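Values in this text are rule-based calculations from the coordinates and carry no lab data. Predicted, not measured: the structure shown is a model, and the values here were computed from it. Methodologically, a virtual Cβ is constructed for each residue, glycine included, from the backbone with ideal geometry; neighbour enumeration extends over all protein chains shown.
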């Protein structure tokens, strides 16, 4: 198969990659406004590929994240969206209708995703104030539970990097979070159970502002009827109806469709139909969900939130480091 990437055209033989993806028993799929909004259960069970020790029942996990994306999807009723792969995943899995992002910008939101804590609780909510002593990430806990964690590409959790000389956007989070930074689409994780992450950056705001050549590169897989005409775009009331807005909005929707192609590559739903299970509505898990909700409510009451502390005061207290002033 030929896959288009930001670095160019990558020729790959998908036989090995698809075999390990099909063995995944569960995958989480996240789409977000600032990096978190939708989480969908994805069951890829295959009897021929079950783990040799069924007693453990540790699921393989694939987590896909789209930069700067929100409910601009067909599954959320957006008539301008062309997202058949994500729509099918939502239809056969779980679609959250009351989800929200816990931070209005990317890196602070990421910090909450990887720690399971509100950015205002741990102090990572100010963009580019790097948290000096971040808490343990869920990836580290997965590794302790026996998972192989593959995390290629972007991190940028608004944490102070373990290596001060590392570049901001590729610096590793706290030590022990990953087993590999290699692209698992090219080289499958060497063992199971695995947790495989992939950040789809084609929808990032920087790509919306890309020139004609960059946009053509990002949308090379789109068919003629999948491009959006700026003149026909429905403009939200909070935007001025200007040519520049229409162009940006049309290009953004084109990029969401481009990301949908990438989601389809990973999920390969066409060859494995009807293997998506909605655990959230399964009566079998009702008591578990009730218990988790009560625990979450108790945790919220016990948390001392730092959301009202000004950034300057947090810097004085040594909680965060102001990168922009250094």
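Sorted ascending by nearby beta carbons within 10 Å, beginning with the fewest, 106, 75 become 75, 106.
Let me know the shape class of region 53-119, please: from the alpha-carbon gyration tensor, a ≥ b ≥ c as square roots of the eigenvalues, rounded when a/c is under 1.5, otherwise prolate if a/b is greater than b/c, or oblate.
On the way: a/c = 2.39, a/b = 1.12, b/c = 2.13.
Verdict is oblate for region 53-119.
Here the Debye sum runs over all C-alpha atoms of region 224-267 as equal scatterers in vacuum, and log10 of I(q)/I(0) at q = 0.23, 0.26, 0.27 Å⁻¹ comes out as -0.76, -0.87, -0.91.
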